[in-house]
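> Would you mind keeping the following structure in view while I ask a few things?
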Amino acid sequence: MSSTKNQAVDAGSVNLIGKGTEITGDINSLGDVRIDGTLKGNLITKGKFVLGPNGMITGNVKSQNADLSGEVKGTVEVEDMLSLKASARITGDIVTGKLSIEPGAVFSGNCNMGARVKNMVQNEGHQNATTKSA
């Protein structure tokens, strides 16, 4: 089997952290991740992330897409679509391409959304570099 084929298999996998399970440390995955337990650390996935209603994360989250029903204390960065379900509780900043919030969801922090925000951040970095060299 070639390494490319191994990565394709991994990208299609689903990683499940069940209710009652607590993990301390970072999780990096090419596939989808669902957490119904507790994570004290950061999560980075190239796939979709689902946080169940009993799930709890103290740390930062980065993913392609995400459906959040539980609690996150940290920054949430989602490249495409972030969906906050009615039971979601987010304390921290959100950076996403698209955002859907159901009534009842609680969010406390700043939110940056869409391609224009990404371009502004890139332009600010470019202007700062220009200013420093002048």
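Throughout, read-outs are computed from the coordinates displayed, never taken from laboratory work. These numbers were taken from a predicted model, which means no experiment stands behind them. All Cβ positions, even for glycine, are placed from backbone atoms using ideal geometry, and neighbour counts span all protein chains on display.
> Can you tell me how many residues within the stretch 48-57 are touching a strand residue (DSSP E or B) at 6+ places or on another chain (Cβ under 6 Å) and buried (at least 19 other Cβ atoms within 10 Å of the Cβ)?
As a first pass, look at the stretch 48-57 and keep what is touching a strand residue (DSSP E or B) at 6+ places or on another chain (Cβ under 6 Å): 48-51, 55-57.
From what's left, buried (at least 19 other Cβ atoms within 10 Å of the Cβ): 49-51, 55, 57.
Qualifying residue count, the stretch 48-57: 5.
> Same structure, new question: When both residues are 6+ apart or on different chains and their Cβ atoms are under 6 Å apart, which pairs have a first residue that lies in the stretch 97-116 and is closer than 23 Å to P53 by Cα, and a second that is surrounded by 15 or more Cβ atoms within 10 Å (Cβ to Cβ) and polar (S, T, N, Q)?
S100/S83
> How many residues does the stretch 58-82 hold that are under 10 Å from G92 (Cβ atoms) and crowded, with 24+ Cβ neighbours inside 10 Å?
Summing the residues that are under 10 Å from G92 (Cβ atoms) and crowded, with 24+ Cβ neighbours inside 10 Å in the stretch 58-82 gives 3.
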